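Novice: Just dropping this structure here.
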Amino acid sequence: MEKNSKIYVAGHRGLVGSAIVRKLKSEGYANIIVRKSNELDLKNQTQVDEFFSAEKPEYIFLAAAKVGGIHANNIYPAEFIYENLMIQNNVIHQSYVNKVKKLLFLGSSCIYPKFAPQPMKEDDLLTGMLEPTNEPYAIAKISGIEMCWAYNRQYGTDFIPVMPTNLYGPGDNFDLENAHVLPALIRKFHEAMLSKDDSVTVWGTGTPKREFLYVDDLADACVFVMKKDTSEYKLDRPLFNIGTGSDISILELAELVKKAIGFKGVILFDSSKPDGTPRKLMDVSKINNLGWQSSNSLEKGIEKTYAWFIENQSEIRIDGLAKSQKKASA
């Protein structure tokens with residue numbers, strides 16, 4: 001991938017896509033193509049066909065997706081499977097048709113079975129039942145992986161699926177209805193501190209363990225893999241887990257967020273709410289052996305994310321935060 005290569009980042013305004021754009025620009029890549037969703041609907045086959053025919057991108061980071069936490073996955077399962085399948089099908093197929101040199105497909109750790117051995121290896125894919133709360137999303141992402149492999153096998157393409165662990169960082173979604181656990185905790189503790197509440201209630205029992213990766217570390221890994229010579233690993237069925245290789249309980253995570261924000265109250269847990277998968281830790285030895293490792297500790301990443309949250313409150317998708325702040329300052 002040369003500095004003047006034509007690079008399309010699909011989903012450039014999302015958490016992952018925006019981090020990839022930041023990383024590419026920091027390394028001097030200047031020929032980056034982006035489109036807003038109102039300019040290019042990736043679910044629309046005709047629009048995607050016309051875009052590829054006109055732009056002819058050489059490299060693609062497929063970070064566009066419909067994403068959300070347990071609540072969103074439970075409420076909108078049809079949207080999660082339909083929208084993700086449509087986006088993937090259109091972009092991957094047109095990448096083949098228009099002879100894209102290399103495509104990086106962003107998946108999710110939820111592709112692995114609910115009770116997969118820990119840490120989860122790439123070979124654990126399709127070895128057991130999925131977590132029911134996000135099964136439609138997981139099946140869509142598994143289909144994307146299989147599609148990359150099928151095109152590699154049949155057409156000799158260079159389509160690489162990578163599976164990030166739980167992500168967080170600048171550009172995250174802090175809406176309590178749709179957010180993942182870490183940004184949701186940041187918002188909850190922040191509002192509780194402003195309102196001088198005595199406690200914060202967290203979904204579930206606090207016992208599940210999760211791995212968290214700062215999104216700029218993921219972007220670094222994605223560019224690293226994109227630049228790697230694919231002759232170094234199996235071409236037709238490549239798959240790389242991307243994470244830190246360590247996890248933490250939701251209780252411990254809540255304590256870290258509480259400390260970073262400076263909330264003085266107590267943490268309560270609502271056990272009537274779902275926990276999700278008991279544990280999701282990625283085996284990252286494969287990408288580590290290629291020469292990549294994460295660099296931001298969880299504590300450091302939370303501090304950076306909270307600082308970004310404070311700085312960008314007026315633009316963040318968090319209904320009701322301004323109202324809460326106004327009430328707290330009254």
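What follows is calculated from the coordinates using simple rules that are stated; it is not laboratory data. What you see is a predicted model; the values in this text were computed from it and never measured. A quick note on method: Cβ atoms are made from the backbone with ideal geometry, for glycine too, and the neighbour counts reach across all protein chains shown.
Novice: List the GluC sites (Glu not before Pro) within region 115-188 that fall in a DSSP loop (any state other than H, G, I, E or B) and whose Cβ has at most 13 other Cβ atoms within 10 Å.
Specialist: Details: sites: Glu122, Glu146, Glu177; in loops: Glu177.
Taking region 115-188 and a limit of 13 other Cβ atoms within 10 Å, the loop GluC sites (Glu not before Pro) found are Glu177.
Novice: How far apart, in nm, are the 7 Å Cα→Cβ label points at Trp308 and Leu290?
Specialist: Going by the 7 Å Cα→Cβ label model, 2.2 nm.
Novice: Rank Ser297, Ser53, Ser272 by mean-square fluctuation in a GNM of the chain with C-alpha springs under 10 angstrom and give only the top-ranked residue.
Specialist: Ser272
Novice: Within the chain, what is the longest stretch that has no trypsin sites (Lys or Arg not before Pro) placed in a DSSP loop and near at most 12 other beta-carbon atoms within 10 Å?
Specialist: Longest gap between qualifying sites, sites excluded: 100-195.
Novice: Cα to Cα, under 20 Å, and not fewer than 8 places away if on the same chain: which aspartates and glutamates meet these conditions relative to Lys43?
Specialist: Correct list for Lys43: Glu55, Glu79, Glu83, Glu146.
Novice: Taking amide H positions as placed in the peptide plane 1.01 Å from N, state which residues far from Met282 in sequence (5 or more) or on other chains have amide H under 5 Å from it.
Specialist: Met120, Gly245
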